[in-house]
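**Q** I am attaching a structure below and will ask some questions about it afterwards.
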Amino acid sequence: MADDDGVEKSAILLISLGEDYAAEVLKHLGPKEVQKLGRAMATLQSVPRTRVEEVLSEFQQTAEESAAVHTDTDAYVRAVLTKALGDDKAANLISRILQPGDTNGIEGLRWMDAPTVAELIKNEHPQIIATILVHLAHDHTSDILNQFTERLRNDVILRIATLEGIQPEALRELNDVMLRLLSGSANVKRSALGGVRTVAEILNFMGSTNETSVVDSIREYDPDLAQKILDEMFVFENLLDLDDRAIQLLLREIQSESLILAMKGATEVLREKIFKNMSQRASEMLREDLDSRGPVRLSEVEAEQKEILKIVRRLADEGQVVIGGAGGEDMV
């Protein structure tokens, strides 16, 4: 809830700044941040003057305190992120934050929809495509892969799974290719992207048919690699692995319509776990809604399940719930 409060405060601040200043601020944010703030500003109806004054006062105080601090900001960012996220998670994020010019050519793809990106890169070598996609958000990458032919999709996923790192010269050449279409910088350092975890997270956003095809293709190439990917994946049925407190926390974040659609594709065991973590009246209403709801497209069910899994991952990132791969001790 604290995150939601911060987004609301930011939205109020931007509206208070006026169009020109707000636009300047948004230019420095990423696509997801812009979307989140845009939605928040769009949903703000009337804000009491006292609330606006409170937000502006808090912002002024924060700005004054920040201006009075003189420190090695790079070292501070590294220390804070590593402490908050751990070495592995922080390393990738730090490289993106502290080296903003490294992949500007590729980063421009973040603002394009999946069909546009797919059309733009589909004729490149699969290794080039894999190197591009590991720089994008996993759900975006999944949507792009779904635009490809089955053969290309499987080839690219396999290359992402076996990608251990990107050499500076290779990334520099790749960025030069993207510069012909977008804009960017060739000032690059080695980026540790790709691997089993990346593929698992990409597949989590992919439809079940394509997901199965990809895993089967990888299994033919390397059965052990395919199993490692499956062990890292967190799918809807893995909600069974969450404890009751986590399920209750999750249910408070889900809209009833979304839950109904997602539950249409759930096993009876998972349904019962959900029911037992609701009040008697709420569980009875949900059972009635499920019974009365007619046939639903599989794509709709999978889409809602993905949205719920996004919430689970957000809660995990915030430290409110713990989820882990079936094959190891890593926590997400």
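**Q** Taking the range 299-314, which residues are more than 26 Å from Arg245 (Cα to Cα) and modelled with pLDDT of 85 or more?
**A** Within the range 299-314, Glu300 is the sole residue that qualifies.
**Q** Next question. Hey, Ile247 hits all of (1) within 22 Å of the chain's Cα centre (by Cα); (2) in the same structural domain as His138 (by TED's automatic domain parsing) but one; which does it fall short on?
**A** (2)
**Q** Among what's in the range 139-151 and is crowded, with 20+ Cβ neighbours inside 10 Å and closer than 13 Å to Arg110 by Cβ, pick the residue that is modelled with the highest pLDDT. First the steps, then the outcome.
**A** First pass over the range 139-151, keeping only residues crowded, with 20+ Cβ neighbours inside 10 Å: 140-142, 144-145.
Pick out the ones that are also closer than 13 Å to Arg110 by Cβ and you get 140-141, 144.
Working: His140: 85, Thr141: 89, Ile144: 92.
Applying the filter and picking the extreme gives Ile144.
**Q** With (1) loosely packed, with under 15 Cβ neighbours inside 10 Å; (2) touching a residue at least 60 places away in the same chain (Cβ under 8 Å) as the list, and Thr267 as the residue in question, which single condition is left unmet?
**A** (2)
**Q** Given (1) farther than 21 Å from His140 by Cα; (2) charged (D, E, K, R); (3) not assigned by TED's automatic domain parsing to the domain that holds Met206, where does Glu302 come up short, assuming only one miss?
**A** (1) is the only condition that Glu302 fails.
**Q** Check whether at least one residue in the range 271-288 is outside any helix (DSSP H, G or I) and crowded, with 16+ Cβ neighbours inside 10 Å, and report yes or no.
**A** Among the residues of the range 271-288, at least one is outside any helix (DSSP H, G or I) and crowded, with 16+ Cβ neighbours inside 10 Å, which makes the answer yes.
**Q** Still on this structure: If Gly108 meets every condition in (1) part of a helix (DSSP H, G or I); (2) at pLDDT 85 or above; (3) touching a helix residue (DSSP H, G or I) at 6+ places or on another chain (Cβ under 8 Å) apart from one, which number is that one?
**A** Gly108 satisfies every listed condition except (2).
**Q** Sticking with this one: Name the residues in the range 229-270 that are part of a helix (DSSP H, G or I) and β-branched (Val, Ile, Thr), would you?
**A** Ile229, Ile247, Ile260, Val269
**Q** Can you name the residue in the range 6-48 that is of a type in the set (S, T, N, Q) and either surrounded by 13 or more Cβ atoms within 10 Å (Cβ to Cβ) or in contact with a Ser or Thr (Cβ under 8 Å, 6 or more places away or on another chain) (or both) and, of all such residues, is nearest to Met112 (Cα to Cα)?
**A** Here the answer is Ser10.
**Q** Continuing with this model, one more query. Looking only at the range 289-303, which residues are in contact with a helix residue (DSSP H, G or I) (Cβ under 8 Å, 6 or more places away or on another chain) and not in a helix (DSSP H, G or I)?
**A** Arg293, Val296
**Q** Do we find that Ile254 is outside the structural domain of Val156 (by TED's automatic domain parsing) and of a type outside the set (S, T, N, Q) in this structure?
**A** Yes.
The values are calculated or read from the model by the stated rules, or taken from the named source; none is laboratory data. What you see is a predicted model; the values in this text were computed from it and never measured. A quick note on method: Cβ atoms are made from the backbone with ideal geometry, for glycine too, and the neighbour counts reach across all protein chains shown.
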